Amino acid sequence: MKETPLSNCERQFLLKAIEEKKRLDGRQTYDYRNIKITFGTDYGCCIVDIGKTRVLAQVSCELVAPKDSRPTEGILFFNLELSSMASPAFESNRQSELLVKLNRLLERCLRNSKCIDTESLCVVAGEKVWQIRVDIHVLNHDGNIMDAASIAAITALSHFRRPDVGIQGEEVTVYALEERDPIPLSVYHMPICVSFSFFQQGTYLLVDPCEREERVMDGLLVIAMNNVKITWNNQSGAFLNVQKTQSNAFHVR
Amino acid sequence: MLKSKTFLKKTRSGRVLKVVREHYLRDDIWCGSELCVECRQESPPPPVLQRDACRESSLCASRHYIIPDTNVVLHQIDILEDPLINNVIILQTVLQEVRHRSAPIYKRIKDVIHNASKHFYTFTNEHHRETFIEREQGESANDRNDRAIRTAARWYSEHLKKAPDGEELQVILLTDDKGNREKAEGCGVIAYKCEEYIKSLIGSPELMDRLALCTDDANEITSSKILFPEHLPLSRIQAGIKSGTFLQGVFRASRDNYLEATVFVQGDGDDGTEILIQGLQNLNRAVHQDLVAVELLPRNLWVTPSSVVLVDEGPKGDEDGDGDEEEQKMLKCDASESMLKPTGKIVGIIKRNWRPFCGMLSRSEIKEATRHLFTPADRRIPRIRIETRQASALMGQRIMVAIDGWPKSSRYPNGHFVRSLGSAGDKETETEVLLLEHDVPHQPFSQAVLSFLPKMPWAIAEEDMRNRVDLRKLCVCSVDPPGCTDIDDALHCRDLGNGNLEVGVHIADVSHFIRPGNTLDQEAASRGTTVYLCEKRIDMVPELLSSNLCSLRCNVDRLAFSCIWEMNHNAEIISTRFTKSVINSKASLTYAEAQLRIDDTNMNDDVTRSLRGLNALAKILKKRRIDKGALTLSSPEVRFHMDSETHDPIDLQAKELKETNSLVEEFMLLANISVAQKIYDEFSECALLRKHPAPPPSNYDILSKAAKAKGLVIRTDSAKALADSLDMAQVEGFSYFNTLLRILGTRCMMQAVYFCSGMDSDFHHYGLASPIYTHFTSPIRRYADIIVHRLLAVAIGADCTYSDLMDKHKQAALCNNLNYRHKMAQYAQRASVAFHTQLFFKSRGIQNEDGYILFVRKNAIIVLIPKFGLEGTVFFENKEKRGPRLLFDEEVPSLTVEGHTFNMFDRVKVTISLDASNIQHQKIRMALLEPVYRREHVPKRTTGGCAEVTREVKCINSS
């Protein structure tokens, strides 16, 4: 189903409100919506709510052959899905621009930041490594999917336990969860994304935009940061892009 | 951009990858010479190559620059490092090849380049428009590189000719490759052999000595040099073993010498032979504990084990075999024919026994490299090369690494990072390391195991009382060390009124809770024993059982297995009875408390009277046992006083033994012997017993020699004779001598082992002088006792049997595991003590202590410091500098160092300090203070020749 268009009237109302430092849900400019993290019964399962946005992450693992270029490293795989359950505008099984961008951002935030030690996921060099797969499902869309997804992914990864592996000689044994306590991943740091949206050619800035706000924004800046105080701008030069008005689009570059 | 190379590559997962490589060339790369005016830039760095590049050579009279090729750099780095050699052009091609082939040499050449006074210039010929060449069709990478070197050399000579007064400046290519030299001369480049050139240098004959012997022109670049012989395929090994040409055995690397190992070949029954393996080639990539096939060498190649201590260290690359060869020479020593041991070489590996190893990363000297060497904590394991991108994060941490393989072209095995254990030196990390290194299973109990625990709150149920006697009214008490929570034994003694006494030993009924075959039982069987470390206990069974339901605490009803004797006052047994029971202990005492009660004449309660009765009987039992020839040996045991807050050791004391210790011990021995007899009578084929074999007479050699030196005779023909002669061995004014002898005596002993009665005929327990023995009294912390409990329960009809219990082969396999776990637990315990000793000395600083020489080795003495029970090795020589003159006499044994003779039991004085320079192998460092020996080549008498005394106290303790 196609997204219901936003009427000019509503757009103007929203922009006017932002100009007057008012937001639809009564928040201030830098107020974040309440975040709730719920864990499932399984290892590596969690649901993150940011306001009405709801994201579910489930981590799973399997033994696969490593990449040729990195024979001693495990593989981290992220898969974010936008189903029509989240919003009627989303179509399942379709590679929308938004989906690609979100997946790419997630990878940059969590894989490229090396927050998970992939070297310890090696079982037999060049033959068997653990592939850690993070599946993220957006259950409800009320803006700021990126922040919710990043929180859900890193929490689920920290919560996850993989089966213990014993090596004796050239024999490898994978122990069932009951046989031996499973092993947590080694998480070096926890990067979390914070999104800022820009309005009126960058004159106004709001943190944690909701769905309505996202539809009238000019640009988006996502900053991933961690508690080790290493900050890196996820979108280098985002500011420059923001100055150039592009209607209602994410600025990834 | 000159070149863009695009190629397609198929990845392992089947996808096709397009790789684009772009190579950029420039024409503003400076040649680096002072002479040149042509390629000067606006603000050039000061020129590197001098105008007067003068070295007098008979080959070329004029000034000249040198361009060495890759092999010259690799082999003649010593020469290049000499201050005499300067004005050298190192081509980028050469540098890249060197880096690829040998990290240490790369590091050295880089250092030379950075040294401004050497005038070494790196010319980036690969990015220079005129010197870059493309690889031609059918040309190998090596040939292309050689050509690149020649091209660059030619460019230089032509380039410099253009400069004013560049005419007389020559560029010389140094190469040992004949073909290369000819081709170079063909295109007008002056090329010499390295040797030729060095010889021609006037006024520096000493350089000739440094010239590395290069075989000849055939020496070409091969990055995959074969270092080891090929392993035979399994089929040929099996055929060889069948025909007797090969022998199969377990490979045991030497702890002290990385070039030496033995292979233990299991013979018939218990005995086996050891085959000595010496040298890297013969060791042929076998790793400690592998199952290997060996081929014996002809008798004329047999050697003796060297008593040299050799540690594989220093930055060695793949190809660097020189150091090894030198060390291999050290092994050679002439020895009498009789000392020769069967020597062999490894021909193949039957089964690898690799496990993940703990250790630390030794970072590669190249900063951005991803391949690093890992040094395992266990010195019997070779260093392992791993690939990691987080080397800087892993420095200073204890990490775990698994081996993946050992190709025959590699000096070290290849492995991968498993996980990080924490920073080195931390108490938790080190404890984890020593548990892992001793293969002590210490992960928390799994859900499957915990599911077999009884539900809480637990109470004795009706059906538990079947086949059980109610002994709750008896005045039972337990005596244990302070702080003990797993109380598995309790005692009672009462007057029967008929002039006899009733003595009972009550043991926790663990087999009631652990039913055969379930996961809990399997886990306990695999753990085999509880491991006690200085500040931690690794339980064999979950805590609910060990510290609560099975622990015979006072004033609660507990299930027990009781062994009750009727005895007269002479401690002669009139009758023995075994029964499952319920008891209610009246008091949980410590040894000290029990002793106070016995000694305090004012106390006359039931518990105290019971203890006194037991004490009187125990004394008689002990005397009788010693008369029969039980040994009292000694080992220096220490106890730490821990700070209650930080858990750091604050004091160290030798363990003290009280009368009550031996009280408990005597009754436990008695119970064990009684039970052993009972289960053997009942099940002659599958009783689990414990034996202590008499050591072979040769084990006593060291003891006899030591005693003979002091003019004493130790008789070793029987345990009784040994015990008596040890009692007699006294030296006037040397009270510690007897203890030293007993310590030494302990080292002569064999290990006591569990065995299945159906699989063996010799049951004798040598140390206790008992014809039969088993373990019955500590089922909470030993699995053997659980099996014995089950056997006894079946024997008295209190429990039913199961098939595995009656299968002697299964039981023999179980015994093997238990023996292994016990041994490892013991080592882990010692390592824990050693680590805490280190912590103690860290806080104490440097100390001077008296010690005694315990052993004398070829290049070292081993010193024992009785006050701390600390043992350390004193080396008198090391690899770097020539040590003092040593004379080793194996017969006495004695070691003469510069005129001073060290004998066993000599008193020495040493200073002890902690050497933390190597975090992984922190050492207790000792230096000999007295006696002082003098070195001849030290002209002035300094503070006295201090021998470096080191002792590695980390994970693994020898013996």
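The numbers here are math on the coordinates, done by the rules we state, and not lab data. Note that the structure is predicted; figures quoted are calculated from it, not measured. Don't worry about glycine lacking a Cβ; one is built from the backbone with ideal geometry, like all the others, and counts go over all protein chains shown.
Quick look at the numbers
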| item | result |
| --- | --- |
| Estimated Rh, the range B:447-672: Kirkwood, alpha-carbon pairs, angstrom | 19.3 Å |
| Rg/Rh for the range B:524-583, where both radii come from Cα atoms and Rh is the Kirkwood radius | 1.13 |
| Expected-Rg normalisation [2.2 N^0.38 Å, Cα atoms] applied to the range A:65-174 | 1.26 |
| Surface/4 estimate of mean projected area, convex hull on alpha-carbon atoms of the range B:355-425, nm² | 4.7 nm² |
| Whole-number D in µm²/s for the range B:695-749 (Stokes-Einstein; Kirkwood sum over Cα pairs; 37 °C, 0.692 mPa s) | 296 µm²/s |
| Interchain or long-range residues, amide H under 5 Å from B:Gln289's placed H | B:Phe251, B:Arg252, B:Ala253 |
| Surrounding net charge for A:Arg33, when Lys and Arg each add one and Asp and Glu each subtract one, Cβ distance under 11 Å | -2 |
| Gain in span if fully extended, B:His127 to B:Val37, counting 0.36 nm per residue against the direct Cα distance | 30.3 nm |
| Overall Cα dimensions of the range B:656-805 - principal axes, largest extent first, Å | 61, 34, 21 |
| Between helix A:97-110 and chain A: long-axis angle, C-alpha atoms, 0 to 90°, nearest 10 | 50 degrees |
| In Hz, Karplus ³J(HN,Hα) per residue of the range B:849-864 (6.51, -1.76, 1.60; θ = phi - 60°; x = Gly, Pro) | 9, 8, x, 10, 7, 9, 9, 10, 10, 4, 10, 7, 10, 10, 10, 10 |
| Taking only Cα atoms of the range B:757-803, radius of gyration then Dmax in Å | 12.5, 34 |
| Cubic angstrom per residue, convex hull over Cα atoms of the range B:340-390 | 147 Å³ |
| Estimated dipole of the protein assembly as shown in Debye, rounded to 20 [Cβ of Lys and Arg +1, of Asp and Glu -1, Cα centre] | 1220 debye |
| Surface/4 of the Cα convex hull for the range B:495-546, nm² | 6.1 nm² |
| Translational diffusion coefficient (Stokes-Einstein; Kirkwood radius from C-alpha pairs) of chain A at 25 °C, 0.890 mPa s, in µm²/s | 125 µm²/s |
| Within the range A:1-31: backbone nitrogen closer than 17 Å to the A:Glu91 label point (7 Å, Cα to C-beta) | A:1-5 |
| Least to most buried among B:Ile598, A:Ile35 (fewest other Cβ within 10 Å first) | A:Ile35, B:Ile598 |
| Förster radius 60 Å - calculated FRET efficiency between B:Glu182 and B:Gln730 (Cβ-Cβ, nearest 0.05) | 0.10 |
| Burial ordering of B:Val19, B:Val171, fewest other beta-carbon atoms within 10 Å first | B:Val19, B:Val171 |
| Amide hydrogen neighbours beyond the local backbone of B:Ser770, cut-off 5 Å, H modeled | B:His765 |
| Average projected area [Cα convex hull, the range B:48-211], square nanometres | 9.3 nm² |
| Phi to ³J(HN,Hα) by Karplus 6.51 cos²θ - 1.76 cosθ + 1.60 over the range B:341-351, Hz, x for Gly, Pro | 10, x, 10, x, 9, 7, 9, x, 10, 8, 8 |
| Between the range B:101-168 and the range B:722-771, the Cα center-to-center distance that results, in Å | 72 Å |
| Likely footprinting exposure, B:Asp82, B:Asp165, fewest C-beta neighbours within 10 Å first | B:Asp165, B:Asp82 |
| Extended-chain gain in nm, criterion 0.36 nm per residue less alpha-carbon gap, B:Glu891 and B:Met806 | 25.5 nm |
| Extension gain (nm, one decimal) between B:Asp464 and B:Arg389, 0.36 nm per residue minus Cα-Cα | 21.0 nm |
| Descending semi-axes in whole angstrom, ellipsoid equivalent of the protein assembly as shown, from the Cα gyration tensor | 64, 50, 27 |
| Sparsely packed GluC sites (Glu not before Pro) within the range A:1-110, loop by DSSP, other Cβ within 10 Å at most 16 | A:Glu3, A:Glu20, A:Glu91 |
| Scattering curve values for the range A:1-125, log₁₀ I(q)/I(0), Debye with Cα scatterers, q = 0.09, 0.11, 0.16 Å⁻¹ | -0.43, -0.62, -1.10 |
